[in-house]
1. From the residues in region 256-283 that are loosely packed, with under 14 Cβ neighbours inside 10 Å and in a helix (DSSP H, G or I), which one is nearest to ligand 1 (Cβ to nearest atom)?
2. Restricting to region 200-255, count the residues that are within 16 Å of ligand 1 (Cβ to nearest atom) and either modelled with pLDDT under 85 or over 30 Å from Tyr303 (Cβ atoms) (or both).
3. If the requirement is being in contact with a Leu (Cβ under 8 Å, 6 or more places away or on another chain), modelled with pLDDT of 90 or more and in the same structural domain as Pro368 (by TED's automatic domain parsing), which of these qualifies: Ala271, Ala305?
4. Residues being in a loop (DSSP other than H, G, I, E, B) and touching a residue at least 12 places away in the same chain (Cβ under 8 Å): count how many of those fall in region 70-87.
5. What residue, among those in region 94-116 that are aliphatic (A, V, I, L, M) and not in a loop (DSSP other than H, G, I, E, B), is nearest to ligand 5 (Cβ to nearest atom)?
6. So Ala277 fits all but one of (1) more than 12 Å from ligand 2 (Cβ to nearest atom); (2) of a type in the set (Gly, Ala, Ser); (3) under 28 Å from Glu416 (Cβ atoms); what number is the exception?
7. Of the residues Pro280, Pro245, which is within 16 Å of ligand 3 (Cβ to nearest atom) and within 27 Å of the chain's Cα centre (by Cα)?
8. Filter region 69-89 for residues that are within 24 Å of the chain's Cα centre (by Cα) and over 11 Å from Met103 (Cα atoms) and give the result.
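The values are calculated or read from the model by the stated rules, or taken from the named source; none is laboratory data. Keep in mind it's a predicted model, so treat the numbers as computed, not measured. Here the Cβ positions follow ideal geometry from the backbone for every residue, glycine too, while neighbour counts run over all protein chains shown.
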Amino acid sequence: MRNISLIFKQFSRSVLLVAGLVVCGLTAHAQTDAAKGEAIFKAKCTACHKIDTRMTGPALGPQLTQETDDAYLTKWIQNNQALIAAGNKKAVKIFNEYNQAGMTVFAELSDADVGNVITYIRADWKKIQDDKAKAPAGGAVAEDKGPSSLVIWGLLGVIVIAFIVILVLNKVIATLERLLLNRQGLALEEATEEEKAPADRLATVKKLLKNKKLVFFIVVCGTIAMGSFSWVTMWNTNVHQGYQPVQPIKYSHQLHAGAMKIECQYCHTGAFKSKNASIPSLNVCMNCHKSVKTESPEIHKIYDALGYDPNTAKYDSTKAKPIQWVRVHNLPDLAYFNHSQHVKVGNIKCQTCHGQVQEMQEVYQYSPLTMKWCIQCHKRTEVNGKGNAYYDSILSAHEKIKKGEKVTAAVLGGIECAKCHY
Ligand code: HEC
Ligand code: HEC
Ligand code: HEC
Ligand code: HEC
Ligand code: HEC
Ligand code: HEC
């Protein structure tokens with residue numbers, strides 16, 4: 001009898017061990033896949049896509065049911081422009097179908113990120129269809145969160161039930177054991193102690209604390225949870241993705257760059273020529289606002305900042321008080337980023353890094369601006385060296401080096417201002 005009970009205890013502890021590990025694994029798993037994909041989808045895709053209806057781009061639910069080649073989809077989502085440029089048949093076809101509307105390049109998304117987005121889209125589309133199928137039957141639609149969470153809750157339920165069964169069986173065995181011992185007239189010290197203070201709740205806790213394996217699981221689970229929490233927190237320190245400060249003037253990119261289609265270059269001239277894209281001086285605004293919307297209080301802020309009197313059309317610099325735009329993007333000083341190298345030489349669109357600015361009422365930081373972000377793009381993006389003055393000069397310098405001719409640092413770009421100056 002004693003042996004049976006020992007074996008049973010051993011067995012139940014092993015079940016607890018497995019259960020503990022499963023819970024740990026499931027909590028970690030629950031944060032991946034669909035949930036992560038949903039966050040990315042909402043942040044990056046909803047400007048142009050819906051799951052169930054066509055917007056700027058196709059309805060992604062049906063699209064991803066029809067297109068099952070995930071390797072192709074991953075390539076498309078990470079860099080559709082490269083696929084189109086390479087003449088991929090599927091890519092060119094859909095590009096033409098949508099009047100060459102053009103999708104943003106998401107080089108910053110890793111393969112796993114894209115996988116999560118695809119998982120989310122397919123799961124959500126399945127849910128939408130399931131809901132539709134249920135709707136005609138009437139009754140409230142259960143708020144389930146897709147098959148994966150159902151599975152998780154099911155497993156958790158099984159674990160809880162197993163736990164209860166173990167506790168009950170344990171009690172039964174203990175009682176039987178005591179009965180047997182009593183009949184033999186051998187009262188165990190332990191048993192009597194327990195009988196004397198049945199109401200002592202601390203005793204249960206103490207007993208649980210004595211179970212070294214249980215304590216071990218709790219400690220392991222706690223450590224994993226704390227560890228992953230601080231890991232995520234540490235990685236996100238100083239990452240200001242989504243940062244959207246309120247600006248002193250209600251200037252809208254959606255109106256100016258979007259509806260009115262003013263080129264980015266018109267205001268951010270620096271982006272093509274130098275390290276800094278630069279914020280335009282208010283004189284640029286005055287090209288239009290000397291005569292446009294002159295009655296608006298927002299435009300009067302421009303006048304006040306320049307010391308301009310709309311009645312006399314004269315500037316008085318003594319009254320000027322410059323506008324303080326709030327900086328949105330800001331790399332730390334230890335990192336050197338040059339716009340012209342990327343925009344002019346690399347021929348990368350502003351939107352690749354800054355998102356669809358022409359659709360933003362107020363600009364926000366679209367990309368994480370982390371080192372990982374820079375590096376991932378550098379690893380993926382192919383350089384186009386043809387008909388590019390920058391590479392022509394480097395190639396000719398290399399030819400000279402090969403031939404043993406004299407080459408100065410200046411030939412390699414050593415007198416370009418941006419190579420030395422911030
Ligand atoms: C700026 C708008 C825009 C954004 C943002 C955007 N897309 Fe697209 N997407 C399009 C357009 C337009 C098409 C149709 C093809 C074309 O014109 O290039 C498309 C096509 C697609 C296709 C179909 C490809 C095929 O061959 O079947 C997929 C899949 C897709 N997008 C996924 C995404 C995902 C995932 C995101 C977010 C990470 C996203 N898109 C963000 C505009 C966008
Ligand atoms: C009519 C002038 C004008 C045009 C055109 C314009 N911008 Fe701007 N942009 C501004 C002004 C003014 C600010 C500063 C206020 C703000 O952040 O909204 C700014 C801010 C920004 C910022 C944030 C800068 C920071 O503080 O980090 C980005 C990014 C940006 N613009 C990108 C673009 C892109 C991309 C386009 C083209 C699609 C564009 N802009 C077109 C005037 C313009
Ligand atoms: C190419 C001409 C042009 C330039 C340059 C321009 N704007 Fe505008 N802006 C307009 C027009 C046109 C409207 C009015 C659209 C309308 O009728 O609502 C407008 C509207 C506005 C409004 C909204 C006013 C209101 O009360 O509705 C603000 C604020 C504004 N501009 C700020 C700026 C700032 C700041 C700059 C410089 C960075 C600038 N604009 C540069 C043409 C311009
Ligand atoms: C390869 C990614 C990339 C591309 C492409 C890009 N930017 Fe930027 N942009 C950045 C980064 C990174 C910063 C932050 C720079 C810093 O803090 O030193 C930034 C900052 C800015 C700022 C704030 C002022 C400044 O110069 O620091 C403006 C305005 C801006 N970008 C506009 C543009 C416009 C307009 C284009 C397209 C012509 C463009 N950017 C293309 C990555 C990019
Ligand atoms: C969207 C993709 C993309 C992102 C994001 C990006 N880069 Fe680049 N970067 C490029 C490409 C493409 C080139 C090569 C341009 C060329 O042909 O010289 C380049 C070139 C450079 C160079 C010059 C290398 C050389 O040999 O002269 C530096 C420095 C650089 N990037 C820094 C950065 C930093 C810092 C960041 C992050 C803040 C960043 N880049 C983000 C695409 C990117
Ligand atoms: C090989 C590196 C290098 C290149 C290329 C370079 N500079 Fe400089 N520049 C410097 C150094 C170093 C200083 C600081 C010298 C000093 O303080 O005496 C400086 C100082 C300056 C100053 C004075 C700044 C001040 O506050 O005193 C200006 C302005 C300037 N450079 C502009 C330019 C321009 C414009 C170009 C491109 C045509 C350029 N530089 C190219 C290295 C360079």
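1. Of everything passing the filter in region 256-283, Ala259 is nearest to ligand 1 (Cβ to nearest atom).
2. The first filter runs over region 200-255 and keeps only residues within 16 Å of ligand 1 (Cβ to nearest atom), leaving 241-242, 253-254.
Next, from what is left, pick out any that are either modelled with pLDDT under 85 or over 30 Å from Tyr303 (Cβ atoms) (or both): 241-242.
Within region 200-255, residues that are within 16 Å of ligand 1 (Cβ to nearest atom) and either modelled with pLDDT under 85 or over 30 Å from Tyr303 (Cβ atoms) (or both) number 2.
3. Working: Ala271 fails: in contact with a Leu (Cβ under 8 Å, 6 or more places away or on another chain).
One residue alone meets the criteria, Ala305.
4. Taking region 70-87 first, the residues in a loop (DSSP other than H, G, I, E, B) are 86-87.
Going one step further and asking which of them are touching a residue at least 12 places away in the same chain (Cβ under 8 Å), we end up with none.
Summing the residues that are in a loop (DSSP other than H, G, I, E, B) and touching a residue at least 12 places away in the same chain (Cβ under 8 Å) in region 70-87 gives 0.
5. Our first condition is that a residue be aliphatic (A, V, I, L, M); within region 94-116, this holds for 94, 101, 103, 105, 107, 109, 112, 114.
When the remaining residues are screened for being not in a loop (DSSP other than H, G, I, E, B), the result is 94, 112, 114.
On the way: Ile94: 22, Ala112: 18, Val114: 16 Å.
Checked region 94-116; the qualifying residue nearest to ligand 5 (Cβ to nearest atom) is Val114.
6. Condition (1) is where Ala277 drops out.
7. Values: Pro280 fails: within 27 Å of the chain's Cα centre (by Cα).
The match here is Pro245.
8. To start, the set of residues in region 69-89 that are within 24 Å of the chain's Cα centre (by Cα) comprises 69-83.
Correct list: Asp69, Asp70, Ala71, Tyr72, Leu73, Thr74, Lys75, Ala82, Leu83.
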